[in-house]
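*Asks:* One structure coming up, written as structure tokens, with questions to follow.
The values are calculated or read from the model by the stated rules, or taken from the named source; none is laboratory data. This is a predicted model, so every value here is computed, not measured. In this analysis, Cβ positions are derived from the backbone assuming ideal geometry, glycine residues included, and neighbour counts consider all displayed protein chains. What goes into the accessible areas is simple: the full protein's heavy atoms, side chains included, and nothing from ligands, DNA or RNA. Shrake-Rupley method; radii C 1.70, N 1.55, O 1.52, S 1.80 Å.
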Amino acid sequence: MNDKIQSLLDQHRIMTIATLRPDGWPQATTVGYVNDGLKIYFLCGLDSQKAKNIAFDDRVSLTIDHDTAELMEIAGLSMAARARRVTDRKEAVAVLQKLPSKYPEQPTLPMPMPGPDDVCIFEVMPVVISVLDYTKGFGHTDLVTC
């Protein structure tokens, strides 16, 4: 199952992450990500609502999937996780250096890469992973506790 999770993480580069606003409402946002094994990293603006939400409550949920023309080929991940802001400069630089690798078909970026002081970088650490695989049956999921 770990190989399946790793494969799905490596195949994709966009996820939807849901955070909790201080008023109790969930907020779902699409973000790009990079991963190092099961560690998932994403970045957002310093003053973004996501950053404020995670400072308020580090619990997040996320989905990683893609569109498919065949119903029974749906596959993806959903996770309950905890997010922590990356404060170690060396780790932040390493994450930023990995981002372009998720876009090999784009040899140059349309803008300069931000530096560690320009963005919030978050590490997402899974607690429970649901592996969705319709090839095993409609709505089939396997739960993995981390």
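*Asks:* For ASP57, enumerate residues with amide H under 5 Å from its amide H, sequence gap 5+ or separate chain, H modeled in the peptide plane.
*Replies:* Close amide H contacts, sequence-distant or interchain: none at all.
*Asks:* Give the label of the value calculated from the structure for P(r) over Cα pairs in 10 Å bins from 0, in percent, choosing from (i) 11, 39, 35, 14, 1; (ii) 11, 39, 31, 15, 4, 0; (iii) 14, 48, 32, 5, 0.
*Replies:* (i)
*Asks:* Per residue, what volume in Å³ does the Cα convex hull of the stretch 56-109 take up?
*Replies:* Output value, Cα hull per residue: 139 Å³.
*Asks:* Also, I was wondering about something else. Check which residues have an amide H placed less than 5 Å from ILE40's amide H, if you skip close sequence neighbours.
*Replies:* Amide H neighbours of ILE40: VAL124.
*Asks:* Now, a different point. Keeping every protein chain present and rolling a 1.4 Å probe, give me the accessible area per residue for the chain in Å².
*Replies:* Per-residue value: 57 Å².
*Asks:* Continuing with the same structure: Given charges of +1 on the Cβ of Lys and Arg and -1 on the Cβ of Asp and Glu, with all other atoms neutral, how large is the dipole of the chain about its Cα centre, in debye to the nearest 20?
*Replies:* The calculation lands at about 400 debye.
*Asks:* Roughly to the nearest percent, how much of the accessible area of the chain is carbon and sulfur, given a 1.4 Å probe?
*Replies:* 55 percent
*Asks:* With springs connecting C-alpha atoms under 10 Å apart, model the chain as a Gaussian network and identify which of PHE42, PHE56, PHE122 has the largest mean-square fluctuation.
*Replies:* Checking each option, the largest mean-square fluctuation is seen for PHE56.
*Asks:* Which whole-number percent gives the relative contact order of the chain, counting Cα pairs below 8 Å spaced six or more residues apart?
*Replies:* 25 percent
*Asks:* Per residue of the stretch 60-65, what does 6.51 cos²θ - 1.76 cosθ + 1.60 with θ = phi - 60° give for ³J(HN,Hα)? Whole Hz please, x for Gly and Pro, Karplus curve as stated.
*Replies:* In residue order, the calculated couplings are 9, 10, 8, 10, 9, 6 Hz.
*Asks:* Provide the per-residue ³J(HN,Hα) series for the stretch 32-48, in order, calculated from phi with Karplus coefficients 6.51, -1.76, 1.60 and θ = phi - 60°, each as a whole number of Hz, with x at glycine and proline positions.
*Replies:* x, 8, 10, 9, 10, x, 8, 6, 10, 10, 9, 10, 8, x, 4, 9, 5
*Asks:* While we're looking at this one, here's another question. Among LYS4/LYS98; LYS4/LYS50; LYS4/LYS52; LYS4/LYS90, which pairs are too far apart, with a Cα-Cα distance over 25 Å?
*Replies:* With Cα atoms farther than 25 Å apart: LYS4/LYS50; LYS4/LYS52; LYS4/LYS90.
*Asks:* Let me ask you something else. Test of understanding: in a Gaussian network model of the chain with alpha carbons linked when under 10 Å, which of LYS98, LYS52, LYS90 would top the mean-square fluctuation ranking?
*Replies:* Greatest mean-square fluctuation among the candidates belongs to LYS90.
*Asks:* Projected onto the charge dipole of the stretch 52-124 (+1 at Lys/Arg Cβ, -1 at Asp/Glu Cβ, origin at the Cα centre), which of PRO116, ALA69, GLN106 gives the Cα projection farthest towards the positive end?
*Replies:* PRO116
*Asks:* May I pose another question? I need the Debye-formula profile for the stretch 90-134: one equal scatterer per C-alpha, no solvent, reported as log10 I(q)/I(0) at q = 0.14, 0.31 1/Å, two decimals.
*Replies:* Cα-only, vacuum Debye calculation for the stretch 90-134: -0.52, -1.18.
*Asks:* Once you have the Cα-Cα distance between GLU91 and ASP118, take 0.36 nm times their residue separation minus that, and quote the gain in nm to one decimal.
*Replies:* Working it through step by step, the gained length comes to 8.2 nm.
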